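Below: the structure, in structure tokens.
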Amino acid sequence: MNTPLLEVRALHKHFAAGPAAWFQPQPVVRALDGVSLQLQRGEVLALVGESGCGKSTLALTITGLEAATHGTILFAGEEMQRSNKARLRALRRQMQMIFQDPYESLNPLMRVAEIVEEPLLVHSIEPAPAARRARVLRALEDAGLKPAQEFAARLPHELSGGQRQRVVIASALVLQPALLLADEPVSMLDVSIRAEILNLLAALRAQHSIAVLFSTHGLSSAAALADRVAVMYLGRIVELGPAAQVLHNPLHPYTRALQAAVPVANPRQRHRRVVLQGETPNPAQIPAGCRFHPRCPLAEAQCKANDPQLHTVAAGHSAACLLHEQK
Ligand code: SF4
């Protein structure tokens, strides 16, 4: 089997959630609580879940913008935590982040050409100005900003939301990465533009064989773009499998609730409603046993005592639910 482009093993990221005191232990938010996954070259994996489930923390920890509490991150077989500073910098150049908010990501005083050129200067790539300019224009074209020469001269306020997100994508592409980590890249955009950006990411994968780790709230947008889907809940992956199977045959009760919330175009077609009880628990006080049990419509007595782990139910399709462990 090929070495995965990215492999994450038992990754934990904990944050102190308040000051320590002699009369109580320091509260700790377990934003990532044992996440393991693999991503092959050119593969698209979607991370799906509610706000606060750990999707963004996972992307930030993989790129090194947050330090892991413990666990292992391997990029093309190389353990990132054991790499020296220079090697780490070279590895990180191959993984580029696309943030959620294109309005906050761009410096309003810099022209598009300068924004896209900046990563080349930071990483000392293409010292010859003519070659650097050609690379910037190619990245703008690859991101769908044509004619590139015209967009290069614009300031961010002269662009629409979708065009700004394309500039963010061009700044990532200019370094010719092997992996894009897209953190809810369409959630701040108008619905009409979302499909364009998702189509662009799909085209980039097809043309350049770039792997994409893509996080989203919506199961339907995940299934439209991804080869596989990982559903996250309170810092853990609770279901992982091929996109079509997770969408059409979800195994975990939480994924079934997400699926029931996907709107259907045909008004005659009825979904069985799945209503979850209560709110997402405080991540500083993760429930004992199955962390989903306070909201799960199928919870049994054993769910309060036993913490289910991801368990393979069908080829390539696994879920963390005690009901599936018993089958
Ligand atoms: Fe629900 Fe129990 Fe399965 Fe957890 S283990 S998802 S509480 S049925």
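Matching residues to (1) touching a helix residue (DSSP H, G or I) at 6+ places or on another chain (Cβ under 9 Å); (2) free of Cβ contacts under 8 Å to residues at least 40 places away in the same chain; (3) charged (D, E, K, R):
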| position | (1), (2), (3) |
| --- | --- |
| 28 | no, no, no |
| 56 | no, no, no |
| 89 | no, yes, yes |
| 111 | yes, no, yes |
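Please state which one of 87, 93 is farther than 26 Å from residue 224 by Cβ and loosely packed, with under 15 Cβ neighbours inside 10 Å.
87
Could you check residue 186 against (1) within 21 Å of residue 258 (Cα to Cα); (2) out of contact with any strand residue (DSSP E or B) (no Cβ under 8 Å at 6 or more places or on another chain) and say which number it fails?
Here residue 186 clears every test but (2).
Please find, within the stretch 247-298, the residue that is nearest to the ligand (Cβ to nearest atom) out of those that are at pLDDT below 90 and polar (S, T, N, Q).
Applying the filter and picking the extreme gives 277.
Do any residues in the stretch 299-320 that are over 14 Å from residue 233 (Cβ atoms) and touching a residue at least 12 places away in the same chain (Cβ under 8 Å) have Cβ atoms under 6 Å from those of residues that are among the charged types (D, E, K, R) and outside any strand (DSSP E or B), where the two are at least six apart or on different chains, and which pairs are they?
Going by the 6 Å Cβ cut-off, the qualifying pairs are 311/325.
State yes or no: is residue 314 more than 10 Å from the ligand (Cβ to nearest atom), among the aliphatic types (A, V, I, L, M), on the phi < 0 side of the Ramachandran plot and in contact with a strand residue (DSSP E or B) (Cβ under 9 Å, 6 or more places away or on another chain)? Give the derivation first.
Working: more than 10 Å from the ligand (Cβ to nearest atom): yes; among the aliphatic types (A, V, I, L, M): yes; on the phi < 0 side of the Ramachandran plot: yes; in contact with a strand residue (DSSP E or B) (Cβ under 9 Å, 6 or more places away or on another chain): yes.
Yes; evaluated as a whole, the condition is true for this residue.
For every residue, the table says whether it meets (1) away from the ligand (no atom under 16 Å from the Cβ); (2) in contact with an Asp or Glu (Cβ under 7 Å, 6 or more places away or on another chain); (3) in contact (Cβ under 8 Å) with a residue 24 or more places away in the chain; (4) not assigned by TED's automatic domain parsing to the domain that holds residue 142.
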| residue | (1), (2), (3), (4) |
| --- | --- |
| 213 | yes, no, yes, yes |
| 216 | yes, yes, yes, yes |
| 220 | yes, no, yes, yes |
| 225 | yes, no, yes, yes |
| 233 | no, no, yes, yes |
| 238 | no, no, yes, yes |
| 244 | yes, no, no, yes |
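Which strands (runs of 3 or more DSSP E) does the stretch 1-101 wholly contain that include 2 or more residues that are in contact with a His (Cβ under 6 Å, 6 or more places away or on another chain)?
The strands (runs of 3 or more DSSP E) meeting that bar are 28-39, 70-75.
Scan 189, 181 and give me the residue that is assigned to a loop (DSSP other than H, G, I, E, B), among the hydrophobic types (A, V, I, L, M, F, W, C) and in the same structural domain as residue 201 (by TED's automatic domain parsing).
Criteria check complete, one pass: 189.
The values are calculated or read from the model by the stated rules, or taken from the named source; none is laboratory data. Here the structure is a predicted model, which means the values were calculated and not measured. Every residue, glycine as well, gets a Cβ built from its backbone with ideal geometry; the counts of neighbours run over all protein chains shown.
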